[in-house]
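Colleague: My structure is below; once you've seen it, I'll send some questions.
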Amino acid sequence: MSNPNDEIIRLEGICKNFPGVQALKNVDFCLRKGEIHALVGENGAGKSTLIKVMTGVERFDEGKITYDGKEIVIRSPQHAQNIGISTVYQEVNLCSNISVAENLLLGREPRKLGCIDWKAMNKRAKAIMQDLDVDIDVTQPLGSFSTAIQQIAAIARALEISSPKVLILDEPTSSLDAHESNLIFKVMRKLCSAGVGIIFITHFIKQVYEISDRITVLRNGKLVATHETASLPTIQLISEMIGHSLAEYDEMKKSEFVVNHKKALLEAKELGRKGMVEPFDLELHAGEVVGLAGLLGSGRTEVVKVLFGIDEPDNGCLIVDDQLIKKHSPFEMIMHGVALCPEDRKASGIVGDLTIRENIILAIQARLGWFKFLSKQKQYEIANKYIKMLNIATPSSDQLVKNLSGGNQQKVILARWLATDPKMLLLDEPTRGIDVGTKAEIQKLVINLATEGMGCVFISSELEEVMRTSHRVVVMREHEKVTEFAGEVSEREIMQAMAGGE
Amino acid sequence: MQKIKSFLLKNGPLLATVAIFILVYAIGAQLYPTMKKPQVFFNLFINNGSLLIISIGMTMTVIMGGIDLSVGAMIALTSVASAALLQKNADPVFVMVLMLLMGTALGFVMGCIIHYLKVEAFVVTLMGQFFARGMAYVINESSITIKNEFYNYLALTKINLPFFEKAYVYIPTLAGIVLLIFTFILLSSTRFGRTVYAIGNNEQSALLMGLPVARTKLIVYSFSGFCSALAGIVFSISLLSGYGGYGQSMEMDAIASVVIGGTALTGGTGTVLGTLFGVLINGIIVSILQFNGTLTSWWTRIGVGALTLIFIGIQSLFYVKKKD
Ligand SMILES: Nc1ncnc2c1ncn2[C@@H]1O[C@H](COP(=O)(O)OP(=O)(O)OP(=O)(O)O)[C@@H](O)[C@H]1O
Ligand SMILES: [Mg+2]
């Protein structure tokens, strides 16, 4: 257990302004040796900004930082690293074009005659990854691996590059499944017993309780409180985070869905694509939410990709609205009233240098064709409607999206597709990196949309969430649809199906 | 099999470049049998010495996600400045060192503006181009002949090559080759080189990885400046004169060579080896047209333009394949 006198880093009275936003107001924070300190708060609360201040990415306007007993100024991420503060930032921030080994070790690679000693480097990288129970070919470019592996590589780098005293993990588990999260927890525990102080940011309340010793809550850029985890009830934590109690979280009920005997909105028959997903059948009715459950990499994303025509199926057929789809392409599907909110917001969709408004109207505009313009006024109307509906934390709809917090960017993507007013909505991990309050909002929203007659496919790594929102749950395993549950079903049954075997 | 496939995917653009070079050479040799002489091949190195040198600098800049449009004008400035100094009986070695320092310094300044003031590299180096070209004409509006013994010696001494009878290159030709080998090692197997690739992929990520982004960018632009000054020296030795009009739009030839050599303009991928073949392809087209004698030199431009387009096409094909 940590000792209160063993402070490694202490921040006092930190203030940070961005144009139009005060991201941090007089925040105090301290981290002890050997503790895991959870940093929680809603989207846009200032968590990432606090981290960036601590690691020299952003300069703070006021306040002071004491590190190892001395007041210091952290000049750059490199400087932070040199003095023992290592960070894994919110989005995976490695370079996808160079090999995993280089990503892990560049900067302190083994050298021979001034050149990189590739053999030693690859060997070392391999060993590092194996330490984390990941066995991969480290000479391959990082970009060829899954997000989970990339995330683990990012952590491995943070550990490797400077045997750190402080390790900061900004939402490291947001794109990992339970097994992979456990891998990371294992590493975290090992490190903190070696005396490293760890700051852990997450929106998974369960994980906060599972691993942290203390919790600091931020709200609207202000410090709410720091607690010992053991003595803080969940209810209080949540109400501190969102500023009021989360009554509606429990009240939420899915609408009663009665199978009407009309034809399905969307019907896939033996649809599949070699190497991506085995042929599957799927029906989606108006007013229905179909959940896709499965472990990471089980083929959930592939299912919606094939449905949406991003990857052309090579087997079976797809019928939408009584029409057989002949040419599979996203454009075709959009024209049939299907929308896909993709999983990886950075790679597929968000345009950081456009404003929120522009990002939101992008898809509607595409649907209208580029020659019919939406009036500015109409654009603002739409943008503001969704900003309000999804609770996007921003001073105005003219803010550049790259200046939003991670979770709020996710909401903008969601807004973009909602704005097209689709008949069928495919949501791939729409709640990743979104805070508890808004998560509940989004679940409610999905249920409401279904009540209004939309058909939704809902993918989430959180089984609880899938069960709460969906009328039917389709379980994927190893790129194959294994089974489908309708009506009452227990969490255990689904989990068993996900894992396979008995 | 899998290994071969991944090798092909990894080195596809480079192999395509080499294949095209061989193909074009073979066609040329069919049409004009004199092209079968080894010396014709070595002439490619002799005639394109300066282009090779600036293309090497350009490769590094482009891999890093930048661009340097000042290189052609820098050749002109270097040639005029050295010619003017030599006219005043300055020591030739001193002149060369001074020119290299000047090139490096100009590159460094442009790098500083690009990095610290966050101005587009395109804009900054275009200004650098205007500045260099302008300065060249300010020093002297007309061509200055170089009459220096050392320069003459460098220009006219042949180095006979082993293995090939009667094949030779000149001393300055070696500069490009040495630089090529040096840069190849630098890019493929040093920390600095790999940092260049990382920045080209994602500067923000490289910064957050704690890599020395600022230093690397400054070094790369300084290096490109160094290369263009070196190219200027080689150029003035081969023509034994200096003139503000030299190297007109040579930066474009360099960029084309870099792209043909398989380096993506978006940064993050590419090799100098590819660039070498890019330069050679450029050269071979010129040679064929010279052997032909009836076509105007503008056909070179058209040929190179078409090839560049084809290569951009090939690259994006490979890119799409890789993503799968
Ligand atoms: N570069 C910037 N320019 C302007 N505003 C910014 C910038 N970076 C962050 N902000 C704003 O500062 C506030 C805090 O953002 P921050 O990224 O710290 O949130 P967060 O707590 O990490 O949220 P999330 O859980 O969604 O990641 C947000 O309102 C965001 O819009
Ligand atoms: Mg954040």
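The values are calculated or read from the model by the stated rules, or taken from the named source; none is laboratory data. Only a predicted model underlies this, so the values are computations on that prediction, with no experimental measurement involved. Neighbour counts run over all protein chains shown; Cβ positions are idealised from the backbone, glycine included. Keep in mind that these areas ignore ligands, DNA and RNA; they rest on the heavy atoms of the full protein, side chains included. Shrake-Rupley method; radii C 1.70, N 1.55, O 1.52, S 1.80 Å.
Colleague: Of the residues A:LEU232, A:LEU237, A:LEU191, which single one is within 22 Å of A:ARG32 (Cα to Cα) and within 16 Å of ligand 1 (Cβ to nearest atom)?
Modeller: Numbers: A:LEU232 fails: within 16 Å of ligand 1 (Cβ to nearest atom); A:LEU191 fails: within 16 Å of ligand 1 (Cβ to nearest atom).
Just a single option satisfies the conditions, and that option is A:LEU237.
Colleague: Sticking with this one: Could you list, in sequence order, all residues of the stretch A:90-113 that are more than 8 Å from every other protein chain (Cβ to nearest Cβ) and modelled with pLDDT of 85 or more?
Modeller: A:SER99, A:VAL100, A:ALA101, A:LEU104, A:LEU105 - these are the residues of the stretch A:90-113 that are more than 8 Å from every other protein chain (Cβ to nearest Cβ) and modelled with pLDDT of 85 or more.
Colleague: Between residues in the stretch A:390-408 that are on the phi > 0 side of the Ramachandran plot and residues that are open to solvent by less than 50 Å² (accessible area, probe 1.4 Å) and more than 6 Å from ligand 1 (Cβ to nearest atom), which pairs lie under 6 Å by C-beta distance while being six or more apart or on different chains?
Modeller: These pairs meet every condition: A:ASN391/A:THR438.
Colleague: When the residues of the stretch A:479-502 are filtered to those that are at pLDDT below 85 and under 16 Å from A:ASP281 (Cα atoms), which remaining residue is least open to solvent (accessible area, probe 1.4 Å)?
Modeller: Checked the stretch A:479-502; the qualifying residue least open to solvent (accessible area, probe 1.4 Å) is A:HIS479.
Colleague: Only one of B:ILE260, B:ILE285 is away from every other protein chain (no Cβ under 14 Å), surrounded by fewer than 24 Cβ atoms within 10 Å (Cβ to Cβ) and either within 16 Å of B:GLY57 (Cα to Cα) or not polar (S, T, N, Q) (or both). Can you tell me which?
Modeller: B:ILE285
Colleague: Of all residues in the stretch A:454-465, which are at pLDDT 85 or above and either hydroxyl-bearing (Ser, Thr, Tyr) or open to solvent by 10 Å² or more (accessible area, probe 1.4 Å) (or both)?
Modeller: A:MET454, A:SER460
Colleague: Being open to solvent by 10 Å² or more (accessible area, probe 1.4 Å), away from ligand 2 (no atom under 16 Å from the Cβ) and among the hydrophobic types (A, V, I, L, M, F, W, C) is the requirement here; does A:LEU132 meet it? Talk me through it step by step, then tell me what you get.
Modeller: Numbers: open to solvent by 10 Å² or more (accessible area, probe 1.4 Å): yes; away from ligand 2 (no atom under 16 Å from the Cβ): yes; among the hydrophobic types (A, V, I, L, M, F, W, C): yes.
Here the answer is yes, as A:LEU132 does meet what is asked.
Colleague: From the list A:LEU414, A:LEU404, which residue is away from ligand 2 (no atom under 16 Å from the Cβ) and either closer than 13 Å to A:ILE356 by Cβ or of a type in the set (Ser, Thr, Tyr) (or both)? I'd like the intermediate steps shown before the answer.
Modeller: Details: A:LEU404 fails: away from ligand 2 (no atom under 16 Å from the Cβ).
From the options A:LEU414, A:LEU404, the qualifying one is A:LEU414.
Colleague: Scanning the stretch A:209-238 for residues that are touching a helix residue (DSSP H, G or I) at 6+ places or on another chain (Cβ under 7 Å) and within 16 Å of ligand 2 (Cβ to nearest atom), which turns out modelled with the lowest pLDDT?
Modeller: A:ARG219
Colleague: Would you be able to tell me the number of residues in the stretch A:114-152 that are out of contact with any Leu (no Cβ under 6 Å at 6 or more places or on another chain), hydrophobic (A, V, I, L, M, F, W, C) and within 11 Å of another protein chain (Cβ to nearest Cβ)?
Modeller: The qualifying residues number 3.
Colleague: Right, another one. For A:THR438, are the conditions met, namely being polar (S, T, N, Q), in contact with a Leu (Cβ under 9 Å, 6 or more places away or on another chain) and in a helix (DSSP H, G or I)?
Modeller: Considered against the rule, which asks whether it is polar (S, T, N, Q), in contact with a Leu (Cβ under 9 Å, 6 or more places away or on another chain) and in a helix (DSSP H, G or I), A:THR438 comes out as yes.
Colleague: What pairs can you find where one residue is in the stretch B:303-322 and aliphatic (A, V, I, L, M), the other is modelled with pLDDT of 75 or more, and their Cβ atoms are less than 6 Å apart, with a gap of 6+ or different chains?
Modeller: Close Cβ pairs satisfying both conditions: B:VAL304/B:ALA256; B:VAL304/B:ASN282; B:LEU307/B:ILE260; B:ILE314/B:ALA16.
Colleague: Do we have B:VAL178 as more than 7 Å from every other protein chain (Cβ to nearest Cβ), at pLDDT below 90 and on the phi < 0 side of the Ramachandran plot here?
Modeller: So B:VAL178 fails the test.
Colleague: Which ones in the stretch A:407-425 are within 10 Å of ligand 1 (Cβ to nearest atom) and either open to solvent by 10 Å² or more (accessible area, probe 1.4 Å) or within 14 Å of chain B (Cβ to nearest Cβ) (or both)? Even if it seems obvious, please write down each step before you answer.
Modeller: Applying the first criterion (within 10 Å of ligand 1 (Cβ to nearest atom)) to the stretch A:407-425 yields A:407-411.
Answer for the stretch A:407-425, where residues must be within 10 Å of ligand 1 (Cβ to nearest atom) and either open to solvent by 10 Å² or more (accessible area, probe 1.4 Å) or within 14 Å of chain B (Cβ to nearest Cβ) (or both): just A:GLN409.
Colleague: Whether any residue in the stretch A:448-459 is within 16 Å of ligand 2 (Cβ to nearest atom), in contact (Cβ under 8 Å) with a residue 12 or more places away in the chain and more than 14 Å from every other protein chain (Cβ to nearest Cβ) is what I want to check.
Modeller: Here is the first cut: in the stretch A:448-459, the residues within 16 Å of ligand 2 (Cβ to nearest atom) are none.
No: the stretch A:448-459 contains no residue that is within 16 Å of ligand 2 (Cβ to nearest atom), in contact (Cβ under 8 Å) with a residue 12 or more places away in the chain and more than 14 Å from every other protein chain (Cβ to nearest Cβ).
Colleague: Restrict the check to the stretch A:437-444 and report whether at least one residue is more than 16 Å from ligand 1 (Cβ to nearest atom), over 19 Å from A:GLY337 (Cα atoms), open to solvent by less than 10 Å² (accessible area, probe 1.4 Å) and not assigned by TED's automatic domain parsing to the domain that holds A:GLY243.
Modeller: Yes, there is a match, as at least one residue in the stretch A:437-444 is more than 16 Å from ligand 1 (Cβ to nearest atom), over 19 Å from A:GLY337 (Cα atoms), open to solvent by less than 10 Å² (accessible area, probe 1.4 Å) and not assigned by TED's automatic domain parsing to the domain that holds A:GLY243.
Colleague: Hand me the list of helices (runs of 4 or more DSSP H) wholly inside the stretch B:1-119 holding 2 or more residues that are closer than 22 Å to B:LEU186 by Cα and in contact with a Leu (Cβ under 9 Å, 6 or more places away or on another chain).
Modeller: Per the criteria, B:2-31, B:49-63, B:92-116.
Colleague: Looking at the stretch A:412-431, I want the residues that are outside any strand (DSSP E or B) and have a partner that is among the acidic types (Asp, Glu) with Cβ atoms under 6 Å, at least 6 apart or on another chain. Which pairs are those?
Modeller: Pairs that qualify, where the first residue is outside any strand (DSSP E or B) and the partner is among the acidic types (Asp, Glu), are A:GLU429/A:GLU343.
Colleague: Picking from A:LEU167, A:LEU159, which residue would you name as being modelled with pLDDT of 90 or more, within 14 Å of chain B (Cβ to nearest Cβ) and away from ligand 2 (no atom under 16 Å from the Cβ)?
Modeller: Unique residue meeting the criteria: A:LEU167.
Colleague: Within the stretch B:182-221, can you find the residues that are among the β-branched types (Val, Ile, Thr), open to solvent by 10 Å² or more (accessible area, probe 1.4 Å) and more than 8 Å from every other protein chain (Cβ to nearest Cβ)?
Modeller: The one that is among the β-branched types (Val, Ile, Thr), open to solvent by 10 Å² or more (accessible area, probe 1.4 Å) and more than 8 Å from every other protein chain (Cβ to nearest Cβ): B:ILE219.
Colleague: Right, something else. Can you tell me which of A:VAL21, A:VAL57 is open to solvent by 20 Å² or more (accessible area, probe 1.4 Å), within 8 Å of ligand 1 (Cβ to nearest atom) and of a type in the set (Val, Ile, Thr)?
Modeller: Checking each option against the conditions leaves just A:VAL21.
Colleague: Identify, from the list B:LEU117, B:LEU77, B:LEU106, the residue that is out of contact with any Ser or Thr (no Cβ under 7 Å at 6 or more places or on another chain), more than 17 Å from B:PHE223 (Cβ to Cβ) and modelled with pLDDT of 95 or more.
Modeller: Of B:LEU117, B:LEU77, B:LEU106, the one residue that is out of contact with any Ser or Thr (no Cβ under 7 Å at 6 or more places or on another chain), more than 17 Å from B:PHE223 (Cβ to Cβ) and modelled with pLDDT of 95 or more is B:LEU77.
Colleague: Between a residue in the stretch A:36-49 that is under 13 Å from A:PRO172 (Cα atoms) and any residue that is near ligand 1 (Cβ under 6 Å from one of its atoms) and at pLDDT 85 or above, which pairs come within a Cβ distance under 7 Å, given they are 6 or more apart or on different chains?
Modeller: A:LEU39/A:LYS47
Colleague: Then there is this: Please go through the stretch A:24-54 and give me each residue that is within 16 Å of ligand 1 (Cβ to nearest atom), in contact with a helix residue (DSSP H, G or I) (Cβ under 7 Å, 6 or more places away or on another chain) and at pLDDT 90 or above, ordered by number.
Modeller: Passing the criteria: A:LEU24, A:VAL27, A:PHE29, A:ALA38, A:LEU39, A:VAL40.
Colleague: From the list A:GLU102, A:GLU42, A:GLU35, which residue is within 16 Å of ligand 2 (Cβ to nearest atom) and either buried (at least 23 other Cβ atoms within 10 Å of the Cβ) or closer than 22 Å to A:THR202 by Cα (or both)?
Modeller: Of A:GLU102, A:GLU42, A:GLU35, the one residue that is within 16 Å of ligand 2 (Cβ to nearest atom) and either buried (at least 23 other Cβ atoms within 10 Å of the Cβ) or closer than 22 Å to A:THR202 by Cα (or both) is A:GLU42.
Colleague: Still on this model: Where residues in the stretch B:111-136 are within 24 Å of B:TYR243 (Cα to Cα), hydrophobic (A, V, I, L, M, F, W, C) and within 18 Å of the chain's Cα centre (by Cα), which of them is surrounded by the most Cβ atoms within 10 Å (Cβ to Cβ)? It would help to see each step written out before you state the result.
Modeller: Narrowing the stretch B:111-136 to residues within 24 Å of B:TYR243 (Cα to Cα): B:124-136.
With hydrophobic (A, V, I, L, M, F, W, C) added as a condition, the list becomes B:124, B:126-127, B:130-132, B:135-136.
Then keep just the ones that are within 18 Å of the chain's Cα centre (by Cα); that gives B:126, B:132.
Working: B:LEU126: 17, B:ALA132: 29.
By that ranking, first place goes to B:ALA132.
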